[in-house]
Every structure is written in C-alpha cells, then in structure tokens.
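No lab work stands behind these numbers, since they all come straight from the coordinates. Note that the structure is a prediction, hence the values are computed from the model and not measured. Cβ sites come from the backbone with ideal geometry, for glycine too, and all protein chains shown count toward neighbours.
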Amino acid sequence: MSDELGIRRGQALRAAVEQGLASEAEPVVGLLDVTGIEESATALHAAFTTPGMAITHTFAVKAASLVPVLALLGECGLGAEVASPGELALARAAGIPADRTVLDSPAKTVAELRTALGLGIAVNVDNPEELARIDALRSTVPGGGSPVGLRVNPQVGGGSIGAMSTATATSKFGVALRDPGAEEWVLRTYAERPWLNRLHTHTGSQGVPLELMAEGVRAAYDLAERINQAAGRQQVTVLDIGGGLPVNFDSDEITPAFADYAALLRTRVPGLFDGRYGLVTEFGRSLLAKNGSVLARVEYAKSAGGRPIAVTHAGAQVATRTVFVPDAWPIRVLALDGKGQEKSGPPVVQDVAGPCCFAGDLVAKGCRLPLLAAGDHVALLDTGAYYFSNHFAYNSLPRPAVHGYRVREDGGVSFSPVRAAQSEAEVVAESGGGLPPLRRAQ
C-alpha cells in the first residue's frame, strides 16, 4: 500500500503543477489523497471489527478541520470527536449524525454542554465541577438524554513528546486516577448516577508507544469492571479509548498499523472484545497524515556561510510544529523541478526555508537533497493531518488552498476543491478591516 501511496502522490504533485494549482498566484497548496483516506478508514474498520461488538470510530476533527474531509470520512462510516463549538459546527455541516459525535474538551462552557445534551451528543466529562453542571442541566434540557461518561487519567506515564502525552501524573485532562481518594470518588460518582454509562481515557499521541497506550486502556477497562461489580449490574456499557496512534514520519511505510494496535489490545485487554462493552475510538493523525502533502514553489535560491538555502512559500504558517519543535516534528522534504517531477542529481546539504520573517523559519535544516533552484518546488510529505487545520497567521500570510485528488486508471489526476485559498480581503476582514478605527483621546 505504501508503494501505491507514493506513486499516486508523485502523479498528483506533477499534475498540480501542470494544471496550475501551484502557481505564482498561489505558490503553496495542500493536496489530499482521497483514495488513501478511504483506504485508511477501511483499515481501521477491519482492524477492530469483532462479531457481536458495537464499535463507533470517530475522527478527531482537530486533525483536519475541513468539512469536505469530514463528510468523506462520514461516508466511510466514521463519526466525529469534537473539542469546541467550532468543531461541532464543522461536524454538523459535514452531516455527521449526533449518535456518531463525541464531545471532549477540558473547558466546556454551560452553553456547550446544553447544546450537546439537547442534540443527543455523547459527552465525556473532564472533572467534578463539569459533572456538577451536567447534574444541573439534565433536568432542564429538553431531550437531554445524551450518553455521558467520565474521562479518567490513568497516570501511566508519558512518551517522547511531553506535549502529546496526556496520561502523566500531572496531565490537565480527566480525573487523575492514582491521586489519593480519586478511585473512591469515581466509584461513588457512578453509584449515585445510574445514567452515567461510559468511561473514557486517552493516553497520548505522537511519541507514545503502543504498549503505554494499551496500559492506559487496560487501566480504564479494569476500572469499568470494578464500577460494574460495585453496581451489581452492567452500568458502564461503553469504553472510549481515545486515539493517538503514532505515525512513522521517516518513510512511506504505514507503521504502526491499526491492526498492530488492535492485536496488542486483544492480547493485553481481551475482555475489551468479548461483546460486553461497546467501543469508541478517536483517531486523527493516523488516518490522515500520510494522505497529504504541502506543495510549494521555490522563490529564491541563495547561500549563507557556504550553506545553500532554498527560500520557499511553505514555512511556519503551515508547518508550525516542525519549525518551532523540529526534533519532535521532523518531516520529509521532496525536491521537485519546475514541472513538479522529482529532481535528480547528487545530494547537497542545504536548508529549506519558509516565507516568514524570522530566522528560524526552516522546515528542514542541513538536509541532503538535489540542489534546489528558483522555480523548482518542494513537497512536504506526511502533512495530511494538522498541517491544513492549524494555520499560523504570521506576517498575515493567507491560508492556502487545499485540494483532494484521485488518480484515474489512465494515470490522469482529478482534483476537487476542499478549501479555497484565503483572499487578501478575507485576511483584512479577519484583522478588523471595516471596523471603525481606534481614535486618540481628544
């Protein structure tokens, strides 16, 4: 599958240049492999499918907050995990039904909770104070029969990227399960609320090994068993195990695969698959990352201190994490010529810089590529997740257009718009253009 992915990507990069999607007018664009997204969704379903078991796979909207992408995933049988009113609005615009939508956020307002309960959206409660709000709202919200669960932090430890580790001793998410008195509070909370029927955990994301993720799921499963034993019935009926499958950014190989994680869970937490519990997942990056590329023109080629520098139109505004935390978020850069074809020639140590006006705006430093020249292009690979939804508006650079693509049997490539490029007028409007000017005091 990885070979096919690379072949389709190469055809799409060439076609994007030939068809003028990447041009002087729009020197940076995002490309999404529609076939690859469908294959990722199919692989997820296949990995977890178990006879007699109810499974809902949701997509973490923050990973690609693009309505056409969410709609495609909805057609592939996925729901949406949302963490803000904006993400909920996007999921609803994409046609994701309420019974396949989950609301997670550590800072839900009363209004957000009221909306979710009124729509019948599942809510994962983050803390005791939020639970008190749910208690108050349940009797007042018409049709407020949403599935409600509690998010717990199993405190099993962190991975190699601290910011992506959500099950450390001091993580801001959920009820810290190993803190003194915490489990007793959880058991009492469920005993007092027969309608509380879910349990949620999420151990982390990129940099978190599968074994640690499985340990977090095991802790939640064991807690659900204790809750049900104390209740004398199957009170917890659904376990939400979050997402967070890490992505290999070193090659086109898809590893670990969803099947690897599901197999590990079947070994470490076999009771999870015996049909007594429904299952919810919230994968994001692992569904989209390898199915996207950023394509950008090289505007200038220069050198400093003997180091060649290719100045491109893709920098911190699209690759924010890579620029600011390059050791944790390195990406592969592909050198392309002016026609969008992969360049040949001896590798030369060079920097690939972006357009932002600060010295550290480098998407690759000291990388070995065929020497880039003005008019060439670069492709930032494995950028289908987060790179199109977390735009950084430094220097008021506009959000680039995003296009989905399919490669036809004849080798031709068809593109579909996913998001239009942000216009200068929209940049101005977003920055208060049209509002009355601030005036000096007279």
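Key figures
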read-out	value
Long-range HN-HN contacts of GLY204 with modeled amide H, under 5 Å	THR166
Computed FRET value (nearest 0.05) for THR140 with ILE55, which takes r as the C-beta separation and R₀ as 30 Å	0.40
Dipole magnitude (debye, nearest 20) for the chain, charges at Cβ of Lys, Arg, Asp, Glu	680
Mean residue ellipticity (222 nm) of the chain, computed from DSSP H runs ≥ 4 via -39,500 (n - 2.57), nearest 500	-9000 deg cm²/dmol
Prolate/oblate/rounded call for segment 1-116, Cα gyration tensor, a/c under 1.5 rounded	oblate
Net charge dipole size for segment 287-442 [Lys, Arg +1 and Asp, Glu -1 on Cβ; Debye, nearest 20]	220
Relative packing of peptides 79-85, 52-58 - highest average C-beta neighbours within 10 Å first	79-85, 52-58
DSSP H segments from the chain that extend 30 Å or more along their own axis, Cα-based, with Kyte-Doolittle mean of 0.0 or above	210-231
Sequence ranges 387-396, 87-96, ranked by mean other-Cβ count within 10 angstrom, highest first	87-96, 387-396
Nearest-20 debye value, segment 97-283 charge dipole, Cβ charges on Lys, Arg, Asp, Glu	640
Two-site label geometry, GLU409 and ARG114: point separation in nm, points 7 Å out along Cα→Cβ	5.6
Anisotropy class of segment 360-442 from Cα gyration tensor, a/c 1.5 cut	oblate
Sparse-neighbour loop sites [chymotrypsin sites (Phe, Trp or Tyr not before Pro); segment 249-279; at most 16 other C-beta within 10 Å; DSSP]	PHE249
Highest-first arrangement of 433-441, 152-160, where packing means the average Cβ count within 10 Å	152-160, 433-441
For the chain: lysine pairs under 30 Å (alpha-carbon distance), excluding those fewer than 8 apart on one chain	14
Selection from SER205, ALA71, PRO180 lying farthest towards where the dipole of the chain points positive, charges on Cβ	PRO180
Positive-pole candidate from LEU288, THR58, ALA22, dipole of the chain, charges at beta carbon	THR58
Qualifying GluC sites (Glu not before Pro) for segment 220-321 [loop in DSSP, other Cβ within 10 Å: at most 14]	GLU253
Cα lying deepest toward the dipole's positive end in the chain, options THR42, ALA379, VAL217, charges on Cβ	VAL217
